[in-house]
Amino acid sequence: MTWFVTSANETEAAKEHYHMFLAVDFDFPSGHVYLWSGIGELIIGANTYLGMGELVRVSVAPERSNLTVDRKTYQLTGVPVDPAVVSETDIDGSFGRSVTEYLGFLNAETRQLLATPEVNFEGEISNIRRVDGREPLIEVNADNRLIMLDQADGWRYTHEHQQQFYAGDLGYNQVPSLDLKEVLWGGRRVVAGGGGSRGGPGQPRRQLL
């Protein structure tokens, strides 16, 4: 069992020595910014990633056996994310925009891309801010995409919402009348939404298990 998609990357990772890198695609309001942890330019797909070297710091999410919503922090400085020139529009408008992190390997001799990098992290920007100090930087916090499992999508089991997905389908047009529907269970009337039944006069309410 392996999480590598490409066998060449899996083989390289098993070696004692290898040249690994991280590359990140930030979808800022002003446009995508492509960065990687090396020096110079690196072509991945049709996009050119600019090398940040030591000008980028990336937190490492802990490995877990269960599904959890982990956060990653990226600290960036220098071109093209110089804190002095990053607009307030990017700062204020980045919430919920995508972040995709790749893990890849370079050929030890040619320093060229060994194979298609693996997707190492996918998430949404939860916070972006300027950090002042001797070395001002932009800090981007991103939660992985599992956070969407904890977010309500706003859709309800109603006829009106169903029509927006499947116009003409009548599967939910009777939902409002269910609260008024009389259901008998064991000779007793079930109270809608109550999870129990009601007997005759003077009889206690009984839960149905």
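Per-structure values
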item	result
From the options LEU55, LEU42, LEU113, residue that is touching a Ser or Thr at 6+ places or on another chain (Cβ under 9 Å), surrounded by 15 or more Cβ atoms within 10 Å (Cβ to Cβ) and more than 19 Å from ASP27 (Cβ to Cβ)	LEU55
Filter result for HIS32 (open to solvent by 40 Å² or more (accessible area, probe 1.4 Å), under 25 Å from the mean Cα position of the chain (by Cα) and not small (Gly, Ala, Ser))	yes
Filter result for LEU146 (closer than 30 Å to GLN75 by Cβ and modelled with pLDDT under 85)	yes
Where VAL119 falls short, out of the listed (1) touching a His at 6+ places or on another chain (Cβ under 8 Å); (2) surrounded by fewer than 17 Cβ atoms within 10 Å (Cβ to Cβ); (3) at pLDDT 90 or above	(1)
Which numbered condition VAL86 misses (of (1) among the hydrophobic types (A, V, I, L, M, F, W, C); (2) surrounded by 15 or more Cβ atoms within 10 Å (Cβ to Cβ); (3) at pLDDT 90 or above)	(3)
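The values are calculated or read from the model by the stated rules, or taken from the named source; none is laboratory data. Worth saying up front: this structure is predicted, and the values here are computed from it rather than measured. Backbone-built Cβ (ideal geometry, glycine too); neighbour counts: all protein chains shown. We work out accessible area using only protein heavy atoms, side chains counted, and drop any ligands, DNA or RNA first. Shrake-Rupley method; radii C 1.70, N 1.55, O 1.52, S 1.80 Å.
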